[in-house]
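One structure is given here, and the rest of the page talks about it.
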Amino acid sequence: MRRYVIVGLGVAGVAAISELRARDKSAEIIMVGDEKHGFYSRPGLAYHLTGELPEKQLMIFSKKDWQSLNIRFANAHVTSLDPHRHQLVLGAEDRLTYDRLLLSTGSTAAPINVLGSNLPQVVKLDNLEDTRRILALTRRVKTAVVVGGGILSLELVEGLHSNGVSVHYFLRGGRYWPNILDEIESHMVEHNLEKMGIHLHFHTEIAEIMGQRGSVNAVRTTTGEILPCGMVCVGVGVRSRMELAKEASLAVDKGILVNDHLLTSNADIFAAGDVAQVVDPVSGKSYIDTLWIPAREKGVTAAINMDGGNQKYNRTIATNVLRLAGIMTTIIGAVGSGVDEDLVSVARGSSETWLQLPNSIALESNLDVNHMRLMIGERTLLGAIVMGDQKLSIPLQELIAGETDISSIRDQLQPGAALGQILMDFWANGKGQGIKQ
Ligand SMILES: Cc1cc2nc3c(=O)[nH]c(=O)nc-3n(C[C@H](O)[C@H](O)[C@H](O)COP(=O)(O)OP(=O)(O)OC[C@H]3O[C@@H](n4cnc5c(N)ncnc54)[C@H](O)[C@@H]3O)c2cc1C
């Protein structure tokens, strides 16, 4: 009987054990994870912070679901991996051998390295424990500083604001998320933040977090300003958790390098989820995604191949439907303009693909509070941002992911045209006729 060991109780690991069990009723499956609160929705943490989602609703699996999987679970941190002996060390000394191993160890918030960053009121938002800690702090802290670009820092801003904390939001550049959003889009977000009463500080970074009797009481900015506050929230990006892979001398880059079957450089070790950096065999390119659905899909594909299958991971177009300062927003495919200078690494809930500036024409349409930007390639749409009204979110996801040939409407997509209506008609008519090429 083959023994499968999965390290990391996240969506990738859970998708993998579910798939393994569905394929092999008798295999020995062992999940090792250091998460003490079990399996829950990480994207849901932001909504828990704002009070919209109770903690109970974050829990995805019931006791019955776990029982039906019939696996062994070890709540432990894996401290060492010896690929020659096919052995893991759990905690101080417990040893566990495997036949096939999956590393689905996810990613963790990147720290900021300034004086005072080790004070207890300097927080990140990685997991449920962090959320509990932030919520506890909001009961006694009146003013907070949030630092970072991207989605997560904004979720921190909104979470703190919902709990009655006065928020100062520090941005390194001159506008919000400049490498993904264009000026109009950044200003839509900033406008809403200002309406909420958030204090925006552009071109501002923390030089030092100041403390008194072991607690945060102010920050000093790089411009020398002292701003009193009781906590500092850091959302400057995430880093892959590659410690075990590095120790085992597996090939790594920004994540654990895997081929299109999610196999690492070791024949018995696979990787999936945020930590897996999939190399495309044709282009040689690889991107890091920190997105829930791709993590789950990687977990399923890895499991099929661990079980002896021959399944390629088909990376879907990176998409996220999210809320930016109260504005429902869908981001699909390549929409950006290069490396994100506001972050030290890729942002949580996003994709490196978004940063790409495609070879395309950008067209925008603005109607009241609604906004859409299309990245139009030679024959296909390469990316899109939809803010506000989400009617076009699904049509655009389908047209972009399906690489639909838009030649028949290409000439109509001009500045000033009713872009939304043209695309909606095209999608509605073409869907039934199988326009996907
Ligand atoms: C606040 C927040 C908001 C988000 N918003 C969105 C969103 O809007 N949309 C979206 O698509 N995605 C979002 N994400 C990202 C999404 O949740 C992740 O892409 C996804 O959870 C990754 O799953 P994973 O299984 O790869 O890793 P994880 O969920 O990170 O799980 C990995 C697990 O492995 C454990 N582990 C690591 N090392 C070890 C070890 N040595 N021993 C034992 N256990 C170990 C970790 O503790 C963790 O429990 C968000 C994430 C957060 C935190």
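The values are calculated or read from the model by the stated rules, or taken from the named source; none is laboratory data. Everything numeric here is computed off the predicted structure, so don't read it as measured data. Virtual Cβ from ideal backbone geometry, glycine too; neighbours counted across all protein chains shown. The accessibility values were calculated without ligands, DNA or RNA, using every heavy atom of the protein model including side chains. Shrake-Rupley method; radii C 1.70, N 1.55, O 1.52, S 1.80 Å.
Results for (1) outside any strand (DSSP E or B); (2) open to solvent by 20 Å² or more (accessible area, probe 1.4 Å), shown as yes or no for each residue.
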| position | (1), (2) |
| --- | --- |
| GLY174 | yes, yes |
| LEU181 | yes, no |
| GLU190 | yes, no |
| LYS195 | yes, yes |
| ILE209 | no, no |
| ARG220 | no, yes |
| LEU227 | no, no |
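Output the residue which, of all residues in the stretch 305-316 that are within 16 Å of the ligand (Cβ to nearest atom) and open to solvent by less than 60 Å² (accessible area, probe 1.4 Å), is farthest from ARG21 (Cα to Cα).
Only one residue fits best here, namely TYR313.
Collect the residues in the stretch 394-412 that are within 24 Å of GLU185 (Cα to Cα) and open to solvent by less than 10 Å² (accessible area, probe 1.4 Å), keeping them in residue-number order.
Passing the criteria: PRO395, LEU396, LEU399, ILE400.
Suppose the filter is within 14 Å of the ligand (Cβ to nearest atom) and part of a loop (DSSP other than H, G, I, E, B); does GLU52 pass it? Steps first, answer last, please.
Values: within 14 Å of the ligand (Cβ to nearest atom): yes; part of a loop (DSSP other than H, G, I, E, B): yes.
Yes; evaluated as a whole, the condition is true for this residue.
Where residues in the stretch 146-195 are over 22 Å from the mean Cα position of the chain (by Cα) and among the β-branched types (Val, Ile, Thr), which of them is modelled with the lowest pLDDT?
ILE184
Taking the condition closer than 30 Å to CYS229 by Cα, open to solvent by less than 70 Å² (accessible area, probe 1.4 Å) and either free of Cβ contacts under 8 Å to residues at least 60 places away in the same chain or away from the ligand (no atom under 15 Å from the Cβ) (or both), does VAL89 pass?
no
Anything in the stretch 92-124 that is assigned to a loop (DSSP other than H, G, I, E, B), open to solvent by less than 60 Å² (accessible area, probe 1.4 Å) and either modelled with pLDDT of 95 or more or basic (Lys, Arg) (or both)? List them, or say none.
Of everything in the stretch 92-124, those that are assigned to a loop (DSSP other than H, G, I, E, B), open to solvent by less than 60 Å² (accessible area, probe 1.4 Å) and either modelled with pLDDT of 95 or more or basic (Lys, Arg) (or both) turn out to be TYR98, SER104, THR105, GLY106, VAL114, GLY116, SER117, LEU119, GLN121.
Residues are listed down the side, and each one gets a yes or a no for (1) within 14 Å of VAL7 (Cβ to Cβ); (2) β-branched (Val, Ile, Thr):
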residue	(1), (2)
GLU52	no, no
LYS56	no, no
ASP65	no, no
LEU69	no, no
ARG72	yes, no
THR79	yes, yes
HIS86	yes, no
ASP94	yes, no
ARG100	yes, no
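If you check ALA46 against the conditions, is it farther than 16 Å from ARG2 by Cβ and open to solvent by less than 20 Å² (accessible area, probe 1.4 Å)?
Spelling it out, ALA46 is indeed farther than 16 Å from ARG2 by Cβ and open to solvent by less than 20 Å² (accessible area, probe 1.4 Å).
Pick from the stretch 125-145 the residues that are hydrophobic (A, V, I, L, M, F, W, C) and within 19 Å of the chain's Cα centre (by Cα): which of them is modelled with the lowest pLDDT? Let's see the steps before the verdict.
Keep residues of the stretch 125-145 that are hydrophobic (A, V, I, L, M, F, W, C), which gives 125, 128, 134-137, 141, 144-145.
Adding the requirement that they be within 19 Å of the chain's Cα centre (by Cα) leaves 125, 128.
Working: LEU125: 95, LEU128: 98.
Filtering the stretch 125-145 for residues that are hydrophobic (A, V, I, L, M, F, W, C) and within 19 Å of the chain's Cα centre (by Cα), the one modelled with the lowest pLDDT comes out as LEU125.
When you go through SER153, SER166 one by one, which is the residue that is within 13 Å of ALA325 (Cβ to Cβ) and touching a strand residue (DSSP E or B) at 6+ places or on another chain (Cβ under 7 Å)?
Checking each option against the conditions leaves just SER153.
Checking ASP130 against (1) more than 15 Å from the ligand (Cβ to nearest atom); (2) open to solvent by less than 70 Å² (accessible area, probe 1.4 Å); (3) out of contact with any Phe, Trp or Tyr (no Cβ under 8 Å at 6 or more places or on another chain): exactly one of these is not met. Which one?
ASP130 satisfies all of (1) more than 15 Å from the ligand (Cβ to nearest atom); (2) open to solvent by less than 70 Å² (accessible area, probe 1.4 Å); (3) out of contact with any Phe, Trp or Tyr (no Cβ under 8 Å at 6 or more places or on another chain) except (1).
Restricting to the stretch 12-43, count the residues that are within 13 Å of the ligand (Cβ to nearest atom), open to solvent by 20 Å² or more (accessible area, probe 1.4 Å) and in contact with a helix residue (DSSP H, G or I) (Cβ under 9 Å, 6 or more places away or on another chain).
Within the stretch 12-43, residues that are within 13 Å of the ligand (Cβ to nearest atom), open to solvent by 20 Å² or more (accessible area, probe 1.4 Å) and in contact with a helix residue (DSSP H, G or I) (Cβ under 9 Å, 6 or more places away or on another chain) number 8.
Scanning for something within 11 Å of the ligand (Cβ to nearest atom), open to solvent by less than 10 Å² (accessible area, probe 1.4 Å), touching a strand residue (DSSP E or B) at 6+ places or on another chain (Cβ under 6 Å) and within 30 Å of TYR4 (Cα to Cα), does the stretch 133-145 turn up at least one residue?
no
Consider the stretch 268-304. How many of its residues are more than 10 Å from ALA16 (Cβ to Cβ) and either more than 9 Å from the ligand (Cβ to nearest atom) or among the basic types (Lys, Arg) (or both)?
Here the count works out to 16.
Is one or more of the residues making up the stretch 62-80 within 19 Å of the chain's Cα centre (by Cα) and either open to solvent by 10 Å² or more (accessible area, probe 1.4 Å) or within 14 Å of the ligand (Cβ to nearest atom) (or both)?
Checking the stretch 62-80: not a single residue is within 19 Å of the chain's Cα centre (by Cα) and either open to solvent by 10 Å² or more (accessible area, probe 1.4 Å) or within 14 Å of the ligand (Cβ to nearest atom) (or both).
Here are SER153, SER162: which of them is out of contact with any His (no Cβ under 8 Å at 6 or more places or on another chain), within 16 Å of the ligand (Cβ to nearest atom), touching a residue at least 12 places away in the same chain (Cβ under 8 Å) and open to solvent by 50 Å² or more (accessible area, probe 1.4 Å)?
Every option except SER162 fails the conditions.
Being in contact (Cβ under 8 Å) with a residue 24 or more places away in the chain, in contact with a His (Cβ under 7 Å, 6 or more places away or on another chain) and under 17 Å from SER215 (Cα atoms) narrows it down to one residue among VAL122, VAL141, VAL114, VAL145; which is it? Steps first, answer last, please.
Working: VAL122 fails: in contact with a His (Cβ under 7 Å, 6 or more places away or on another chain); VAL141 fails: in contact with a His (Cβ under 7 Å, 6 or more places away or on another chain); VAL114 fails: in contact with a His (Cβ under 7 Å, 6 or more places away or on another chain).
Just one listed residue meets the conditions, VAL145.
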